[in-house]
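Shown next, in structure tokens, is the structure this report addresses.
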Amino acid sequence: MRIILFPILFLFLFSSSQELVDTILIDNNESMYDDDKLSAEFFNDRRRAFRALMPENSVAFIFSSPIRNRSNDVDFEYHQDPNMYYLSGYDEPHGVLVVLKDEISINGELTNEILYVQPYDEADAIWNGKRLGVVGGKQQLKVNSVFENSEFKKHNLKLENFKSVHLHHPQNDVRDNTFDKNDLYNLIQQFYAKISTQQENDVDKTKINQWFAFLREVKTAEELVLMRKAISITCDAQIELMKAMKTDMKEYEAEAIVEYVFKKNGAEYPGFPTIMGSGENSCVLHYVSNRKTMKGNNLLVSDVGAEYHGYTADVSRTIPVDGHFSEEEALIYNIVFKAQQAGIAASRAGNRFWEPNIAATTVISQSLIKLGIIKKPIELRRYFMHGTSHYLGLDVHDKGTYGELQPNTVITVEPGIYIPEGSPCDKKWWNIGVRIEDDVLITDGEPEVISDCVPKTITEIEALMKEKSYLSN
Ligand code: GLY
Ligand code: MN
């Protein structure tokens, strides 16, 4: 308390100006919001790294995500394009970021980056909250040159003088808001109007994606802090679900428990729709309707991820609804467990991206042959039809090069076995679906399983399911 009071008294003694009082109030207000978001320095550093990959005499245009309409006059909650966010921190629609290899002169000032933002708008603030505006763009994001998006059309960037022009913009879902002359639809049109017809064919949309893949694959220390937070929240959610699970619970109740823990701990939203599939639904890979009443003899695949300040976790556990694995369930579960251990062991720097997948599929095909569920390795794809790993970060299926695994990359290791009803094997296996997924940090040495905080052996899961949740009634 003393630490806070002293500077306040100090300021009042030496100045009574309204400006200082406002500063104190603003500072106090700011502390009521998130104070652990990525800093302007982080984004500045990412732009520097991006610029270093650009060829000589080139320019890159990165556009905001469109606003996506849900129905009639209701839109989905806005989510920024991860590439735009990665380079600027700007999280509003109708923006354009221009990154230049070398400086150009705009309005008499030299700059190698320009951010065009939505204008500050008092009337809109009443409905949708305050926009960042030009002042916010300069002060908070610290991009060298920030202008209202209405200036984009007017600025002559002399694109004909560049050796190459690179473009990242959303390929679809861009609607024309006829009331806004500078919405994303118009900004993209204005971009093409700047490009000569002859140059249009040469606008590159491929290399820019490779640069994003190269940069986003390897996480900085600041990104890893946020990823650890997202993963830790997700682990807490999985643990609470195991404790709260009861027979006859609805899948959506399980979803509600997980998403309650997400929000309670500060996650903005799930990083992807929550998958909560029991019984036959455990065999549907991206099952999201979550409306079934679970039965005691069902397995439940819970594949969930909290998104925290842009970064998402992705952790799957498979649990028996009544707290006990049957003999068949335990057999299948332990194959997936063993396959995951093999996949994690292969998650080492220098290994090819696909090596965890090869390790996991080898275990699964040999084990399914032993159980008589398949006869030849080629039949494996009937019961394990997805890849073992994907990169994780701003996107759940994050950008990456699919080359050798690099230190400070986060991948998932998520083998599974899914045996839907009617499969050509003994009926006793039908409707067993198992996926075990962890988020693994590639290091210079042993892989670090960041999501290890949630148990996954049969003994651990059965023991945890006997504990009481603070969410049980
Ligand atoms: N968590 C869903 C997926 O990886 O596809
Ligand atoms: Mn996944």
Checklist entry - What is the distance, in nm, between label points placed 7 Å from the Cα along the Cα-to-Cβ direction at Ser326 and at Arg48? => result 6.0 nm
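Among Lys243/Lys375; Lys250/Lys466; Lys427/Lys466; Lys376/Lys428; Lys250/Lys370, which pairs are too far apart, with a Cα-Cα distance over 28 Å?
Working: Lys243/Lys375 39 Å; Lys250/Lys466 19 Å; Lys427/Lys466 30 Å; Lys376/Lys428 20 Å; Lys250/Lys370 35 Å.
From Lys243/Lys375; Lys250/Lys466; Lys427/Lys466; Lys376/Lys428; Lys250/Lys370, over 28 Å: Lys243/Lys375; Lys427/Lys466; Lys250/Lys370.
In whole percent, what relative contact order does region 160-317 give with Cα contacts below 8 Å and a gap of six or more residues?
Values: 219 pairs, mean separation 33.8, N = 158.
Once normalised by length, the contact order is 21 percent.
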Checklist entry - 222 nm [θ] for the chain, helices only, -39500 (n - 2.57) per DSSP H run of 4+, per residue, to 500? => result -11000 deg cm²/dmol
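Take peptides 154-164, 402-412, 423-433 and line them up by average Cβ neighbours within 10 Å, highest first, as a rough protection proxy.
Working: 154-164: 13.0, 402-412: 19.3, 423-433: 16.9.
The densest-packed peptide leads the list: 402-412, 423-433, 154-164.
For region 36-163, compute Rg over Rh where Rg is the Cα radius of gyration and Rh is the Kirkwood radius from the inverse mean 1/r over Cα pairs. Walk me through the numbers before you get to the answer.
Working: Rg = 15.3 Å, Rh = 15.5 Å.
Radius of gyration relative to Kirkwood radius: 0.98.
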Item to check | Amide proton proximity set for Ala306, modelled H, under 5 Å, gap of 5+ | outcome: Thr234, Gly271, Ala313
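Determine the alpha carbon to alpha carbon distance for each of Lys37/Lys130; Lys263/Lys338; Lys101/Lys142 and list only those over 23 Å. Each step should come with its number before you reach the end.
Working: Lys37/Lys130 18 Å; Lys263/Lys338 33 Å; Lys101/Lys142 18 Å.
Exceeds cut-off: Lys263/Lys338.
Quote the relative contact order of the chain in percent (integer), defining contacts as alpha-carbon pairs under 8 Å separated by 6+ residues.
Numbers: 914 pairs, mean separation 59.7, N = 473.
The normalised contact order for the chain reaches 13 percent.
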Checklist entry - Which lysines, on any chain, are close to Lys181 with Cα under 17 Å apart, when same-chain ones fewer than 8 places away are left out? => result Lys153, Lys154, Lys194
Checklist entry - HN-Hα J couplings of region 63-68 from phi, Karplus 6.51/-1.76/1.60, θ = phi - 60°, integer Hz, Gly and Pro as x? => result 9, 5, 5, x, 6, 9
Checklist entry - What is the distance in Å between the Cα centres of region 417-448 and region 191-224? => result 35 Å
Item to check | Hz values of 3J(HN,Hα) by residue in region 236-241 - Karplus curve (6.51, -1.76, 1.60), Gly and Pro given as x | outcome: 4, 5, 5, 5, 5, 4
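Determine, for Phe152, Phe61, Phe337, Phe42, the number of other Cβ atoms within 10 Å of each Cβ, and report the residues in order from fewest to most. Can you show the working numbers first?
On the way: Phe152 22, Phe61 25, Phe337 19, Phe42 16.
By the 10 Å Cβ count, ascending: Phe42, Phe337, Phe152, Phe61.
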Item to check | Equivalent ellipsoid semi-axes, region 77-144, via Cα gyration tensor eigenvalues times 5, rooted, Å | outcome: 24, 15, 9
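Express the Stokes-Einstein translational diffusion coefficient of region 95-201 in µm² s⁻¹, to the nearest whole number, given a Kirkwood radius over alpha-carbon pairs, 37 °C and a viscosity of 0.692 mPa s. Don't skip to the answer; put the middle values down first.
Values: Rh = 15.1 Å.
Rounded to a whole number, D works out at 217 µm²/s.
Find how much the distance from Thr178 to Asp121 grows on full extension, using 0.36 nm per residue of separation minus their present alpha carbon separation; answer in nm with one decimal. Kindly include the intermediate steps, with their values, before the conclusion.
Details: separation 57, 0.36 × 57 = 20.52 nm, distance 1.77 nm.
Between Thr178 and Asp121, full extension yields an extra 18.8 nm.
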Checklist outcome for this item: Share (percent) of C-alpha pair distances in region 205-265 greater than 17 Å works out to 57 percent
Checklist entry - Going out from 0 in 20 Å bins, what whole percent of all Cα-Cα distances in the chain drops into each bin? => result 21, 46, 28, 4, 0
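Computed from the coordinates by the stated procedures, all read-outs in this text should not be read as laboratory data. Here the structure is a predicted model, which is why all the values come from computation and not from measurement. Note that each Cβ is placed from the backbone with ideal geometry, even for glycine, and that neighbours are counted across all protein chains shown.
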